[in-house]
């Protein structure tokens, strides 16, 4: 049995599938799939065709990629704006014709021919843009028709000029340089393509026009309601598409110097395949320049490889069609189901064995009803007071779900005011020596509030660990904090895998997802000091100034960690196998500590924690609101000595006022209670304590 | 607030005013105008022989447009029809030449066409692929499959010893070409299906509001598959008639602008691409108009490429008019609606 459990523990620690969910949750996963497909294709192709990766072929491929990639980028821009441009193939043919007529037939200087080509492309794009943007025609059918029109124009003009085009060669050094020149060993056209690609990437991802374009593509109606000029944005997308196609056509003309009757026929299918393979979603909003280039390279290598394998053109056509269908199918299913898959596989349970605590006759946790007569503060006026703290003037501070810190004024705590607006739910609170209020804000980081109520950020990131897939430099759920005598701030981050709203899901994993972090105001640096903790929650500095106590909620234990002094780095469990889930820890009078238990363990959930396979199945098969969760509806407050001895336990037997408590705080003979899901703060007079004790005096030796 | 206008039959605007308000009316007027103009200006246009040629040449287009209309009414589109048509018919001929009986070969061709339609329908209904992409790519795949595996020659002649087959395209019934008769029969059949059967009503429901149709219990996915199967089968029938009348089928039709001609007929006839409205009457009207246009241009001896240009521009104008008559609203247009 023990061996079997060890096996389960091992299997769910090292082969838990946690990474699958984490990788799926990354945004680069969209781009990773085309890259993998490209690598696989290159692998297969270079196996089938020995000389595929030779230098000469690579240079040829680079020139082709410059032209094909520019058209793919043109289509990418249009698709990201929520439209489509099927006319790129015919537009390309027309622009090639314009360039060759300019250079070969009319013998115009290089810049003039370039201007004519670009003008031709822009005019074609403008026609599409006006029709689709301003007249609001349907993009697909409209560009299908302009495809026919542009093609017909080409078919009318080309035969009349074909011999004139072939008959003369332009005498232009720039033209030849464009077609055959190299910069640092790279073809000129490829360099031009790279520069344009970077410019488009920066525009789409960093500049306002690009954001507007993606907004229109992602949610046209919202973009319209947000005041974006949708019509102009869409129109400009098509004009840009025309312009890029014209550049591609100019490069193509310079390289080949002639054109045929079939130039650009079927190009739209190849380009569309490239773009969709590159992860650009039809319907708009999603996609990237990098993905498009990967897709374009893939299609080019595939078509070139097939030509070198001397397969007939119909096979090529068949294969491109099949790939296009598969890519669109995958895209449609991926966009629709990614979230579903993620929610199924993200929860990744581990094995956690919590031994049953022996019940003795003089069990310190015997039920009593000492919290029956609490005085209620702010009933209905606060929501989610996770932590409570009092200042030197006996005013009471607490955070609320609304993202504010509320101050209840002494002596009767009837009047209250909003002390500071933070924006996130403030959890742990602690006063610094200079009177600043420090708070851990869920989803944001550690913040400082001056006595005047001015809010400033203390830290919102820590060092990134090397092998974490999740970006653990960001603080997701800072929970509680305390301040060392030298001003260093130690705080706990409960989990790096879940956001504030899903904190309870971490209970299903039972894995060490949390950590202790230290921020040193002297250097301004934030560093993780202890990782792999199971939902570290409450934290308080011990009176020796060299160690701290911290509670691990789902592991039901309290540990002590020395961060300074002769024992530096030592960590020992002070209190293990608690009957409930410990939350915040605070100092109390007479050298004791107060710990709040937010819920009690149940045999069912303990069993579930020893059955990771069961929890995994549960998370995959049934809806989240039917999952088995730990009991966080009933808890108590306990007082312990520094060595872990339980001195006192206070229960609310009736369960009316404080069934679940996340924080307690002693102040001048009273004990105050907060609860993260409560709408009240409670206080009760403690009979056997030092009525003058305050945390300020205990910490900083002042009254 | 203006009172809601209740138009009684006798208050309605006069016929000629109504005519120019809908696209259908405009096209009808244009068709009449073109007919009259050609009749006056072109000698030989009005001759019985030419008119028969006109009707015969467009009836194949009309039959294809019937299949397309069915799909378009349900807010789909099928641009793979030509590929299905040429490949299934060519394959049937190849099989016959290989020694099988002609009837069996025709049956295999039909099965191939329907299978292609079903696969396209499954991709659209179950794979959530936008119809236009599914059919565009499928056209390429079907044609590529045909050219790679089924036949190598572009031109496939009708197999010998099949005399009855030539009757389909070249015979006459009471002086009317059988091609036209087929078109008329199919028109009647489609009219019955669209206006009298539950299947037809569901098509309109799917086209005018797909989500509402789905919610109210229209078997959305089977219906979608059925539409594309039907349009593929109609394409096959049209291919048989075409092959019979020309004694051969040319696979190169796939690369021609024929699919745009079909769209031209459907859109010009007044079947909006947004789906949900239109009837067989619109197909007939579009067919006649396109027929007059093509015939007139041919008689005028206009170059084929210029004809393409004219057709493209006319189609573009038709779409512009369509979008003005049935405008899309910024607030209600569908996301990703291409």
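Since every read-out is calculated from the coordinates, none of them should be taken as a lab result. Everything numeric here is computed off the predicted structure, so don't read it as measured data. Cβ atoms come from the backbone with ideal geometry, glycine included; neighbour counts cover every protein chain shown.
For the pair residue A:606 and residue A:452 in one chain, pulling the backbone fully straight at 0.36 nm per residue adds 50.8 nm over the alpha carbon distance.
Could you tell me how many degrees, from 0 to 90 and to the nearest 10, lie between the Cα long axis of helix A:139-167 and the main elongation axis, the longest principal axis, of the Cα atoms of chain A? Compared with the principal axis, the helix lies near 40 degrees. Sequence gap at least 6, Cα distance under 8 Å: using those rules, report the relative contact order of segment A:298-429 to the nearest whole percent. Answer for segment A:298-429 is 13 percent. Taking only the C-alpha atoms of the protein assembly as shown, the Rg (one decimal) and the largest Cα-Cα distance, Dmax (whole number), read 37.8, 120 Å.
Averaging over all projection directions, the Cα-based convex hull of segment A:198-349 occupies 12.9 nm² in the image plane. Computed from Cα atoms alone, the Kirkwood hydrodynamic radius reported for segment A:20-67 is 12.8 Å. Give the shape of segment B:49-254 as rounded, prolate or oblate, defined through the alpha-carbon gyration tensor: a ≥ b ≥ c are the square roots of its eigenvalues, a/c under 1.5 means rounded, and otherwise the shape is prolate if a/b is larger than b/c and oblate if not. Oblate shape, in that a/c is at least 1.5 and b/c is the bigger or equal ratio. Mean separation of Cα pairs under 8 Å and 6 or more residues apart, divided by the residue count, gives chain A a relative contact order of 12 percent.
One quarter of the surface of the convex hull around the alpha-carbon atoms of segment A:183-231 equals 4.2 nm², the direction-averaged projected area. Its relative contact order, with pairs defined as Cα atoms under 8 Å and 6+ residues apart, puts chain B at 31 percent. For the pair residue A:410 and residue A:670, the difference between a 0.36 nm per residue extended length and the Cα-Cα distance amounts to 92.3 nm. When B:68, A:91 are sorted by how many other C-beta atoms sit within 10 angstrom of their C-beta, beginning with the fewest, the order is B:68, A:91.
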